[in-house]
Each structure stands twice: as structure tokens, then as C-alpha cells.
1. Where the centre of each part is set by its Cα atoms, how far does the range 200-228 sit from the range 106-149, in angstrom?
2. Would you mind pulling out the separation of the Cα centroids of the range 50-94 and the range 330-370, in Å?
3. Select one label from [x] 63; [y] 76; [z] 70: the one whose number is percent of Cα pairs over 28 Å apart as derived from the coordinates shown.
4. In whole Å, what are the extents of the range 119-228 along the principal axes defined by its C-alpha atoms, from largest to smallest?
5. Would you pull out the residues with amide H under 5 Å of Val301's amide H, same chain only if 5 or more places away, H placed 1.01 Å from N?
6. Hey, can you find the accessible area per residue of the range 118-243 for me, probe 1.4 Å, expressed in square angstrom?
7. Only sites in a loop by DSSP and with at most 16 other Cβ atoms within 10 Å count here; which trypsin sites (Lys or Arg not before Pro) in the range 106-196 make the cut?
8. Between Leu252 and Glu218, what length in nm is gained on full extension when 0.36 nm per residue of separation is reduced by their alpha carbon distance?
Amino acid sequence: GLPWAFPGWIGKGENWPYDYPDITAYYIVSWILGAKQYHDLDIDYIGIWNERAFSSKYIKLLRYTLDKHGLEQVRIIASDRLWEPISFVMMIDSELHGVVDVIGAHYPGTKTVPNAILTGKKLWSSEDYSTFNNDVGAGCWARILNQNYVNGNMTATIAWNLVASYYEELPFGRCALMTAQEPWSGHYKVESPIWITAHTTQFTQPGWSYLQVDGHLEGGGSFVALTDGLGNLTIIIETMSHNHSKCIRPPLPNFNVIPQRATFYLRGSFYMVQTLQVWHSRLDFESGNSSLFQQLHPLQVWRGRFSLDLNVDEVYTLTTLKTGWKCAYPEPPPPQPFPSIYSDDFNIRNPPFSEAPNFADQTGVFEYFVNASDPGDHVFTLRQVVVQRPITWVSDADQTISVIGNFKWVNMTVTCDIYIEKPRDGGVFIAGRVDNGGIYVRDSKGVFFWVFADGTYRVTGDLAGKEILMKGLAGVRDNAWHTLTLNIQGNSASGLLNGYPLWENVTISKPGNGWAALGTRSFEFAQFDNFHIE
């Protein structure tokens, strides 16, 4: 488990989680206990703060708090940023050295630093990959899975992220091991990085040990060897070329790989091994017909030695295990664009999940809500529920926003019932042609139709509300339902309030396309109902 952000109450108004370390530690421990109690998840390792500063005092208090709650088995990993300064600080602070079990670095480029090795701790690449999941992404993944150990002594590599289940045009689209980004169609794709993963994960387990050999191949590429300590042996070989294995970061220095014949010698308890199972992948960048995770004929080992002809851009697994399996799965439904006519009235009494389908919250959280006091039309709604700015990882927007639909949409009509809960300075919007989210959400552009509790309205070209295209009086008030309609056609937009024209002929230059969206002026309660888009 690793926090990216924290609830605002932890910082008591400051954008910093370490001023009240006892509160932060209590929150993290509560999260671990809740993960077990409500989801039966066993958290083995807990991190500090993703790619941000650490506090030695907090880390020590976290260990104390974990132990106090019977969580001695949960280990601490730090600091999920760079190798330094955490390694140096651990070397000079023996108490910190005693409570940090793993040093985790992000995107280490297969290299570590002397201080990290001197600590004697396990070294992990605790976030890596993050690369578009085509065959070059598979090459990146194959190379770093081996070379993080061969070059950097790292015994774990964690891919960010596992499954791309978010709109592809958001930042880091398809930077995952596989793709499942169409819940409306059910289409998904098992991409090549999945089968590269299998070369390692089907033939090793946590608890296996790397053999300490120099894993550099003479003609370029690398190999690792692992054992369970019970006589089993797995060797993974990769020969990825430079241009076919570039990761998103860091920049990759040049190197050459050539076809080669490699001879391996098994010694000690492995001398008696007579046959090895063979699994093979070849990434083909000419024809695009890559061969992925195919079982080849077993390899005969003669007096502890065998040779293998290795081409470029290949992965081999040689193993004593006979359990490898390339599973079959039913053909997924064909891909389809997001429906061009879409409605949600949020009328669901016991939802299986707290958020409505297809809405992608970029700042704030939009949840199903039951309005017990409503006379009937708006009992079931969608409500924005984060009312205090979180301790952020990157800069969230000052407004809340959830996007939905097809990024390629140009002309659209968005209609939604809205309910401002915050008197005086509360406000909500609906929008179209929204062009960004994620880490760039503060810079999102589009066509935003706002109404405010003070009775005014605005049309802006940006989420921040700085680019005002139109403004005036609408007569909307808080704690009452109103219907907003936004119509965008070509380079012109118009807006309706409760079915009557409120503004029209507003000229739109850019963006030329984007998602629909809804949201609030600040971190405030507000409700939405009967969302409809064409």
C-alpha cells in the first residue's frame, strides 16, 4: 500500500502530512485494518508518500503504531522516490535503519547507488515501466525485469500500472500491462507485456532467491537465475535491442545486441539437472507478428552444460518446473465507441460500487446518494462529497470535475439536473469538449456552463474559470433543483436553464473536441441527476 494523497483533515489545513505524524500513522494503520476487515486484503508492505518527501520521525512512529495494533508482520518500504536521500539517512540513523525493511526507488533505470547497497536492505524498483503497452513496451518490460537485478541488485520490480481501465486520452493512456478501457462494450486486450510477465511470474514465486551470477551476455542482453532452494531452477534470458526496449523514463543510453550462442554451466546441486522446459517469445518489429510465450521442445543438459542460439529481441525461460501454461480465454466482445446517446438517472438502491459507471473523477469524488428528504423526483442522485481539499500529490484543480464519454466528440448536447447545496458562493457546472485531466487537470479547457448560488451564471473556456466567454443573471438559487442544458455545434455554443434559452451564439475556438463533464466550483457538496448526453 502506498499513499499518493491524504485526506485534508490529516494536515489540519496544511498541504503536508507530517505536522501531526500520530494522526497520519493512525490513518494509515486504519486503512490497513480496514483493507483486511472489509476486503480480506493482507497488506504485506506499506509505503510513506509516493514520490514526495519522507519524514524519519514519521517512519519511526509508523512502525511503533503498526506494532501497537498487532501488525508486526507489515513491513515498511521507503521512500518510493530516488535512492537518495533515504539511503544516506538510513546509514547515519540506526533507528531508521532498523525500521525500514525495503528501499524502494522509482524508475531507477536498472541502476542503484553505493549507499543503498551498503544498507544491506532489500532493494526494489517499487514503481517502473509506465510505458505504452505495444511491443516496445513489452521490450522495455522484458529488459528491466532482468536488468533491475543484473545491474542494480533489485529483487522486485513493480509495474505501474496493471490494467489500463481509464480513458485512453487521459495522461499515461495504455501505460499498463494490458488494456480494458471499454466497460460499455466489455472489450479488452491481453497485450504483449502480459506474456513477458509470465516468463518470470509463472516460474518463480516470492521467496525464491536470485543466484549471484554476472548476468550480462557477451553479445548484449542479460539473464537471471532463481531457485526455490528445493532443487528447482529457473533461468530467464532477454536480448532486447535499444530501440525496441525504450521505457517512458529515464532516457536509455545506447547499447548494442547481436545474435549470439550462449553456453551455460550448471554447478553444485544443479549439476544433476538433465532437462529444462523451454518457453520462448520473439518480438517481431518488421511484420508485427510477434510470437509470445510459446512452449518449445525441452532442452537436454549434458554434464551440467547446454548452449542456446539467441537472436535479438527474444525472451527465453528455461526451467525445471513443468507447470507453465499459456491459458486460453474467450474472444472478448468487439471494441465499440462510447454510446452517442447516453443517460443515467442514478436510480439504484443498493449499488455494487459507490461511483456511477463511466464517470471518471479527476478532482473530487462523485458518489451515488440517497436523498431521504426528497419528495420523490430526486431520491437517488450523484453527489460530490469531498468538502476539504486533500493533501495533494500533484496539483489537483481548485474545482471538482468528473469526465465522461468519447474524447473525439465534437458536437454535443449535455443536459443535467443540478442542486447547489452551498449557500452564497456555491456553484456547479456542466461542460463539453473537455480536453484534459489527471496531472494536467488544472489546465483543462473546454466549454463550461456554470451557475452559482448568488443567482449568476458564466460560460468559460476553462475549468479554472479565467477565460470568460459570457456572464449574466440566471436566477438559480441553492437548495433547489434546476435543469442545465449545454449545446455545442461547430464553433458556437448555447445554454438553456429549465428548458428556456439563457445564452446563445457564444463563439468557441478551441478545443475542437473532448469529453462531457460535470463538477463544482469548490470542494463543496452538490448533487446531479438525470444526466443525458447526445
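The values are calculated or read from the model by the stated rules, or taken from the named source; none is laboratory data. For clarity, every value in this text was computed on a predicted model and none was experimentally measured. Please note: Cβ atoms are built from the backbone with ideal geometry, for glycine as well, and neighbour counts cover all protein chains shown. Surface accessibility is based on the protein's heavy atoms, side chains included, excluding ligands, DNA and RNA. Shrake-Rupley method; radii C 1.70, N 1.55, O 1.52, S 1.80 Å.
1. 14
2. 38
3. [x]
4. 48, 32, 25
5. Thr275, Leu276
6. Value for the range 118-243: 37 Å² per residue.
7. Qualifying residues, ordered by number: Lys111.
8. 10.3 nm
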